[in-house]
Amino acid sequence: MIEAGKPGQISWGDGNWIFLDIGFSGASGARGKTCGLVIGTSEPECVAFDQAKARIVQHIVDARSAVNLVIEAPLSVCFTRMGNPAGRSIERKDDGTQRFWFTGPGSAVMVAAMYLIRGIMDAAPSATIRLFEAFISYKKAGARSDHRQEASMLRDVVMRSREPICIVSGDPLKSCPDDELCSAFRVIGLDCGVPAVIVL
């Protein structure tokens, strides 16, 4: 079962955590390694999407306790009362910059996350999967991501409860009280709820 992770569950605990800075590229070789992956205390790696998906699914299938899965991609979406896409509160910065879930890279990694979640569901694991979103807000438009470093940084924050960390959950994700907030996966028939977001 996949469920939305809650703020109170963001604690290292038994270390059954997976951190994924997800990418979606059809390029071959090093250029195709667009996913940063950390499983538990393992060394951070840069891998292709298919490798990340296979490793994550296998880890979850083998798990004997709940698995906490953190994905750096939009895992919830917002719409206005009229049904138009709306930015979430975390996607606007004070300096006026915006990184909306429905534009550019946000949409691409959200699709990648859909295929990963579908793969997990199809594997029918017995363990509960608690889903968390990561939103790394310091990225600048056009800047290249260091996928391995970002996955490692997410683990470091959870493992050591290091600042800066901000956890946003539920209604505070809405920019307007009238907006509708829901799981990004509802559109493919998998409503996992709205995960807590770790904002860095």
query = Regarding residue 145, is this residue farther than 13 Å from residue 200 by Cα, surrounded by fewer than 16 Cβ atoms within 10 Å (Cβ to Cβ) and either at pLDDT 95 or above or in contact with a strand residue (DSSP E or B) (Cβ under 9 Å, 6 or more places away or on another chain) (or both)?
reply = yes
query = Which one is modelled with the highest pLDDT, of the residues in segment 121-142 that are under 17 Å from the mean Cα position of the chain (by Cα), in a loop (DSSP other than H, G, I, E, B) and within 19 Å of residue 93 (Cα to Cα)?
reply = 136
message = Condition (residue is closer than 23 Å to residue 123 by Cα, over 19 Å from the mean Cα position of the chain (by Cα), part of a loop (DSSP other than H, G, I, E, B) and modelled with pLDDT of 90 or more) applied to segment 71-81: is it met by at least one residue?
response = no
ask   = Can you tell me how many residues in segment 54-70 are charged (D, E, K, R) and part of a helix (DSSP H, G or I)?
value = 2
message = For segment 185-200: of the residues being assigned to a loop (DSSP other than H, G, I, E, B) and either in contact (Cβ under 8 Å) with a residue 40 or more places away in the chain or under 17 Å from the mean Cα position of the chain (by Cα) (or both), which is nearest to residue 21 (Cα to Cα)?
response = 200
Flag for residue 103 being free of Cβ contacts under 8 Å to residues at least 60 places away in the same chain, within 22 Å of residue 158 (Cα to Cα) and not aliphatic (A, V, I, L, M) = no
task = Could you list, in sequence order, all residues of segment 183-196 that are closer than 17 Å to residue 134 by Cα, out of contact with any Phe, Trp or Tyr (no Cβ under 8 Å at 6 or more places or on another chain) and not hydroxyl-bearing (Ser, Thr, Tyr)?
result = 185, 193, 194
Single match in 200, 173 (criterion: at pLDDT 95 or above and more than 14 Å from residue 69 (Cβ to Cβ)) = 173
remark   = Per the list (1) among the hydrophobic types (A, V, I, L, M, F, W, C); (2) in contact (Cβ under 8 Å) with a residue 12 or more places away in the chain; (3) surrounded by fewer than 19 Cβ atoms within 10 Å (Cβ to Cβ), residue check on residue 82 breaks on (2)
key: Flag if residue 22 is surrounded by 15 or more Cβ atoms within 10 Å (Cβ to Cβ) and over 17 Å from residue 156 (Cα atoms)   = yes
ask   = Just checking, which of 176, 182 is in a loop (DSSP other than H, G, I, E, B) and either in contact with a Pro (Cβ under 9 Å, 6 or more places away or on another chain) or over 21 Å from residue 16 (Cβ atoms) (or both)?
value = 176
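The values are calculated or read from the model by the stated rules, or taken from the named source; none is laboratory data. Treat the numbers as computed from the prediction; the structure is a model and nothing was measured. Cβ: placed from backbone, ideal geometry, glycine included. Neighbour counts: every protein chain shown.
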